[in-house]
């Protein structure tokens, strides 16, 4: 079978959503690799990778823009991938946005089968088109370690009376991803709880911390009895996902005045004063979100 015919069968499998056809176009042990896989994958790992892409982009398709043989057993294909994000990706809700990614695949063949596929594309293209931040930073420098954070706000403006702090060190990166998905579900549940004001989370490697604001020291007890947080707590206590961790509730000693910038004179004024006015006489605009 000509080299380019073998490659066409491979892309036909993608465009027809025929997973068996894709895998059948590869040799036994044939591998696939691109910037998002981290290493060559095959067999069940490749099957899972493809199914994950189709779950996030059910209408995903490849348009071949150029192709050619580079040696008797090698070929290169330039393509454009198009798909609509109508399914969950990395635990995030679907956006409904159509993405377009341009890239190239380099093939090595063994007879009429593909021995390896090595893909190249800008791995930041999809996140940017979906409206996600692409952050490049070191893992650590000296005593500093870096990660990402998330804020959840209910819109309530009352002053918090207590804070709950949850700290967990996951066993590995896979468990960290599991905990992050569980944390999202927990925070969604918490948005409907009485007494919950807001939360900030931080993920640094396999270490995760959540600081939540409440209107009383008793309010956090609700998450221990129901919903996603209760289920995630069980996973931690059984050692299923964590190496160590703790939960706690802290009550406030003092909250200093909430300051707001006056857009007229540029000075900072106390935002919680009854008149909501600056010393210059101008009205201070905006809510007083303590958290």
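The values are calculated or read from the model by the stated rules, or taken from the named source; none is laboratory data. Computed from a predicted model, the values in this text were never measured in an experiment. For neighbour counting, all protein chains shown are included, and Cβ atoms are generated from backbone atoms with ideal geometry for every residue, glycine included.
Here are the numbers:
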| item | result |
| --- | --- |
| Selection count where residues are touching a residue at least 12 places away in the same chain (Cβ under 8 Å), touching a helix residue (DSSP H, G or I) at 6+ places or on another chain (Cβ under 6 Å) and either within 29 Å of residue 84 (Cβ to Cβ) or exposed (fewer than 14 other Cβ atoms within 10 Å of the Cβ) (or both), scope segment 115-172 | 1 |
| Verdict on residue 86 being under 18 Å from residue 13 (Cα atoms) and not assigned by TED's automatic domain parsing to the domain that holds residue 149 | no |
| Candidate set from segment 57-81 (those that are out of contact with any strand residue (DSSP E or B) (no Cβ under 7 Å at 6 or more places or on another chain) and outside any strand (DSSP E or B)); member that is surrounded by the fewest Cβ atoms within 10 Å (Cβ to Cβ) | 72 |
| Single unsatisfied condition, residue 220 versus (1) part of a helix (DSSP H, G or I); (2) under 30 Å from residue 135 (Cβ atoms); (3) in contact (Cβ under 8 Å) with a residue 12 or more places away in the chain | (2) |
| Count - residues of segment 88-114 that are exposed (fewer than 15 other Cβ atoms within 10 Å of the Cβ), part of a loop (DSSP other than H, G, I, E, B) and either at pLDDT 90 or above or over 19 Å from the mean Cα position of the chain (by Cα) (or both) | 4 |
| Count - residues of segment 194-217 that are without any contact (Cβ under 8 Å) to a residue 40 or more places away in the chain, under 21 Å from residue 156 (Cβ atoms) and crowded, with 17+ Cβ neighbours inside 10 Å | 1 |
| Selection count, segment 38-54, where residues are at pLDDT below 90 and touching a strand residue (DSSP E or B) at 6+ places or on another chain (Cβ under 9 Å) | 0 |
| Filtered residues of segment 14-35 (kept if surrounded by 19 or more Cβ atoms within 10 Å (Cβ to Cβ) and either assigned to a helix (DSSP H, G or I) or free of Cβ contacts under 8 Å to residues at least 40 places away in the same chain (or both)) | 14, 22 |
